[in-house]
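The values are calculated or read from the model by the stated rules, or taken from the named source; none is laboratory data. No experiment lies behind these values; they were computed from the predicted model shown. All Cβ positions, glycine included, derive from the backbone under ideal geometry; neighbour counts span all protein chains shown.
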Amino acid sequence: MRIVTKGLVALVLSSSPALAMDDQAAYWRVDALVERRVSAAPDTAWQGSAWIGGDTDKIRVESSGVLGDNGRIDNEGGTRGIDNRLYYSRLVAPFWDAKAGVQMSVFDGGETRAGFLAGIEGVAPYDIHLEAVAGVSNTGVVSARLELRYDLLLTQKLIAQPFVEAMVASTDDAAIGLGSGLSRIEGGLRLRYEIEKEFAPFIGVGFEQFTGPTADFAAANGEPSSRLRFLAGLRGWF
């Protein structure tokens, strides 16, 4: 009788999605951030990402961009524009994914760039979130972007997040204002209050600096080579 009972339990567990332990089960998540950036030239920025997959393999979609109050796209020295990416990612070590995919970016003036991307994303020692991605565009420019951020818990709901982002490029792409070498570096701090884990308003400050030929392109277009911004926005996930 015990053998029969164990067999029935095993059959129910294996046939029920709610009860079965399936390493290949599919999950999904969506993250979004929208912020108002106040400076001499105020604008609105967004970052969004979504993924679907299992513990090992995922398909990722990402979108980010900046629109000025005049309705124009902020190229951010040719380093961003309105940027859309599609990745396949695979777990290669605990807390680390390797990913590869394609990119399509739209810049002010109707300029577009497409390309291939590959990189890594994960949690480094001391819980620093790191993303490093390199790619080549249809114009032959090779570029790489490094992003770092860290969550510092001040209380259970109040969290300070310092962040740094830098980009380098192999050659100039004058049509979008991108210069070779270290093109842009940005750092700052966001202070968020998690009303719920999934929903948090924030305030912050950021400083952006263009360097080398990118700074020269910005000056030629009548734009500053550096900006100090005050930030306010919302982030959430589900």
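A quick yes/no check of all residues on (1) touching a residue at least 60 places away in the same chain (Cβ under 8 Å); (2) closer than 23 Å to L191 by Cα:
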| residue | (1), (2) |
| --- | --- |
| E35 | yes, yes |
| A40 | yes, yes |
| D43 | no, yes |
| G48 | no, yes |
| G53 | no, no |
| T56 | no, no |
| G65 | no, yes |
| D74 | no, no |
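Select, from F207, F202, the only residue that is hydrophobic (A, V, I, L, M, F, W, C), free of Cβ contacts under 8 Å to residues at least 24 places away in the same chain, assigned to a strand (DSSP E or B) and more than 21 Å from N84 (Cα to Cα).
F207
When you check P213 against the structure, is it outside any strand (DSSP E or B), surrounded by 14 or more Cβ atoms within 10 Å (Cβ to Cβ) and either within 22 Å of the chain's Cα centre (by Cα) or at pLDDT 95 or above (or both), yes or no?
Yes.
Hey, among the residues in the range 118-147 that are among the charged types (D, E, K, R) and either in contact with a Lys or Arg (Cβ under 6 Å, 6 or more places away or on another chain) or in a strand (DSSP E or B) (or both), which one's farthest from E186 (Cα to Cα)?
Among residues in the range 118-147 that are among the charged types (D, E, K, R) and either in contact with a Lys or Arg (Cβ under 6 Å, 6 or more places away or on another chain) or in a strand (DSSP E or B) (or both), the one farthest from E186 (Cα to Cα) is E121.
List every residue pair whose Cβ atoms lie under 6 Å apart, where the two residues are 6 or more positions apart in sequence or sit on different chains, the first residue falls within the range 218-232 and is under 12 Å from F207 (Cβ atoms) and in contact (Cβ under 8 Å) with a residue 24 or more places away in the chain, and the second residue, located anywhere, is basic (K, R) and surrounded by 12 or more Cβ atoms within 10 Å (Cβ to Cβ).
R229/R37; L231/R37
Please go through (1) assigned to a strand (DSSP E or B); (2) exposed (fewer than 13 other Cβ atoms within 10 Å of the Cβ) for N84 and return the number of the only condition it doesn't satisfy.
Here N84 meets the rest and fails (2).
If you go through the range 61-79, how many residues are within 11 Å of the chain's Cα centre (by Cα) and buried (at least 17 other Cβ atoms within 10 Å of the Cβ)?
3
For the range 51-81: of the residues being aliphatic (A, V, I, L, M) and touching a Leu at 6+ places or on another chain (Cβ under 8 Å), which is farthest from G222 (Cα to Cα)?
Among those that are aliphatic (A, V, I, L, M) and touching a Leu at 6+ places or on another chain (Cβ under 8 Å), it is I59.
Just to be sure I understand the filter: pairs with C-beta atoms under 7 Å, separated by 6 or more residues or on different chains, first member in the range 87-115 and farther than 12 Å from D57 by Cα, second member of a type in the set (K, R). Which pairs pass?
G101/R85; Q103/R85; S105/R113; D108/R72
Residues checked against (1) within 21 Å of S64 (Cα to Cα); (2) in contact with a strand residue (DSSP E or B) (Cβ under 6 Å, 6 or more places away or on another chain); (3) surrounded by fewer than 20 Cβ atoms within 10 Å (Cβ to Cβ):
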residue	(1), (2), (3)
L152	no, yes, yes
I159	no, yes, yes
F163	yes, yes, yes
A166	yes, yes, yes
T171	no, no, yes
I185	yes, yes, yes
Y193	no, yes, yes
A200	yes, yes, no
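Taking the condition of being out of contact with any strand residue (DSSP E or B) (no Cβ under 6 Å at 6 or more places or on another chain) and of a type in the set (S, T, N, Q), how many residues in the range 202-232 meet it?
Going through the range 202-232 one residue at a time, the tally reaches 1.
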